[in-house]
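The values are calculated or read from the model by the stated rules, or taken from the named source; none is laboratory data. Just so we're clear, the structure is a prediction, and the values are computed from it rather than from any experiment. Reconstructed Cβ throughout: ideal geometry from the backbone, glycine too, with neighbour counts over all protein chains shown. What goes into the accessible areas is simple: the full protein's heavy atoms, side chains included, and nothing from ligands, DNA or RNA. Shrake-Rupley method; radii C 1.70, N 1.55, O 1.52, S 1.80 Å.
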Amino acid sequence: MAALFRGSRNLLLRWTKHVDLAFVSTRSMASKTPVGFVGLGNMGTPMARNLLKNGYPVIATDVFPESCKELQDIGAQVVDSPAEVAEKADRILTMLPSSPNVIEVYTGPNGILKKVKKGTLLIDSSTIDPAVSREMAVAAEKMGAVFMDAPVSGGVGAASLAKLTFMVGGVEEEYNAAQELLTCMGANVVYCGGVGTGQAAKICNNMLLAIGMIGTAETMNLGIRLGLDPKLLAKILNMSSGRCWSSDTYNPAPGVMEGVPSANNYQGGFGTTLMAKDLGLAQNTATNTKTPIPLGSLAHQIFRVMCSRGYANKDFSSVFQFLREEEGQ
């Protein structure tokens, strides 16, 4: 009798374990429903690639069809418009260059909101004016969808390694749903508050980044003119109080670090045009809130001048090269 009881108990345990595993498997599969992705540039492509790596089917589109080829080759479904993405997916991420691009992708003739399904979660990781994020949220709500802003920090390298930082603004009840996807692409996901607060955090971060990069470039240039070896100077800075991200992770002086744009003639990375755009957003919001940003305003002017001097498509760390040329070298 005891042996029969033990056998029945073991059978029950095996059956329970099987049911549990089946439940977990079904739950896991249910969470891997298709994800839409619009905007496959330097940042969007590695972000979407990391979604694929985590088992999410990706339905993607870009205004430039050739940008879709890499993802298509590794299994993404490519469609012709944001509206078609919205027909096929109820979770959609967008990664676009500017506010006008976001407005077009969401509200244009072939935009997401033309075909969006009720209950769709829309996550915009572009860096845009917080007011535009709020406008898109209102437009999405009218269609029964939910819009959240989730701009990123970390650059192309962090996007490739899924180590981005996401700053999320939107309805708090939807944060967990957004976090599920964002953790596939980033190491840090931070809830900032209502729609637009993610953009506010990103604008503040990029203003500091621009100021820090200019300061690092000036410092490296001065040290080199004073006869210091650039690698030695960088080493000293990074063990002293002047240390910052631009000095220890993304040094602008050629020959100091490998794997950064300054080691590749400032190709790739975060373009000077985009930095000038982000600083313009900071300038606009500072004006609207009557906030003094003297260094932010100066940084904005420097990067605008760089755009007119042939640096528009180079990484923003090329401010080092710009300063060198300004002194006639």
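When the trypsin sites (Lys or Arg not before Pro) in the range 245-329 are filtered for DSSP coil states and for at most 12 other beta-carbon atoms within 10 Å of their beta-carbon, the remaining sites are 290. Counting only protein heavy atoms and a 1.4 Å probe, the range 86-125 has 41 square angstrom of accessible area per residue.
Relative contact order (percent) for the range 201-324, with alpha-carbon contacts under 8 angstrom and 6 or more residues of separation? Walk me through the intermediate numbers first.
Working: 161 pairs, mean separation 41.0, N = 124.
Taking the mean separation of contacting Cα pairs over the length of the range 201-324, I get 33 percent.
One entry in (i) 21.3; (ii) 22.9; (iii) 16.1 is mean projected area of the Cα convex hull in nm² calculated from the shown coordinates; its label is (ii). Near residue 193, the amide H atoms lying under 5 Å from its own belong to 170; only residues 5 or more places off or on other chains count, and H is placed 1.01 Å from N. Couplings for the range 205-218, taken from phi via the Karplus curve 6.51 cos²θ - 1.76 cosθ + 1.60 with θ = phi - 60°, read 4, 6, 5, 5, 4, 5, 4, x, 5, 4, x, 5, 5, 4 Hz in order; Gly and Pro are left as x.
How would you order 121-131, 138-148, 247-257, 220-230 from highest to lowest mean count of nearby Cβ atoms within 10 Å? Could the numbers behind the result be given before it?
Numbers: 121-131: 24.9, 138-148: 18.6, 247-257: 21.0, 220-230: 14.6.
Averaged packing, sorted descending, gives the order 121-131, 247-257, 138-148, 220-230.
Please tell me the relative contact order of the range 35-194 in percent, rounded to the nearest whole number, where contacts are Cα pairs under 8 Å and at least six residues apart. Spell out each step's value before the answer.
Working: 335 pairs, mean separation 30.9, N = 160.
Computed value for the range 35-194: 19 percent relative contact order.
Can you compute the label reach from residue 66? Point 7 Å from Cα along the Cβ direction, backbone N cut-off under 12 Å, restricted to the range 250-281. Once the point is set 7 Å along Cα→Cβ of residue 66, nothing inside the range 250-281 turns out to lie under 12 Å by backbone N. Computed 3J(HN,Hα) for the range 60-69, one whole-Hz value per residue from the Karplus formula 6.51 cos²θ - 1.76 cosθ + 1.60 where θ = phi - 60°, is 10, 7, 8, 5, 9, x, 5, 5, 8, 4, glycine and proline marked x. Using a probe of 1.4 angstrom and keeping all protein chains present, the accessible surface of the range 201-324 works out to 49 square angstrom per residue. In sequence order, the range 53-58 has phi-based couplings of 4, 8, x, 8, x, 10 Hz under the Karplus curve 6.51 cos²θ - 1.76 cosθ + 1.60, θ = phi - 60°, and Gly or Pro positions carry x. Our helix-only sum for the chain, with -39,500 (n - 2.57) per DSSP H run of n ≥ 4 divided by its residues, gives a mean residue ellipticity at 222 nm of -15500 deg cm²/dmol. Other residues lying with their Cβ under 15 Å from the Cβ of residue 82 contribute a combined charge of -2, Lys and Arg counting +1, Asp and Glu -1.
What a 1.4 Å probe finds exposed on the range 197-329 is 57% carbon and sulfur by accessible area, rounded to a whole percent.
Sorted from largest to smallest, which semi-axis lengths in Å does the alpha carbon gyration tensor of the range 153-247 give for its equivalent ellipsoid, taking the root of 5 times each eigenvalue?
Numbers: eigenvalues 250, 41, 16 Å².
With the √(5λ) rule applied to the range 153-247, the semi-axes are 35, 14, 9 Å.
Compute the relative contact order of the chain as a whole-number percentage, counting only Cα pairs closer than 8 Å that sit 6 or more residues apart in sequence. Write down the numbers at each step before the final one.
Numbers: 574 pairs, mean separation 38.0, N = 329.
Rounded, it is 12 percent for the chain.
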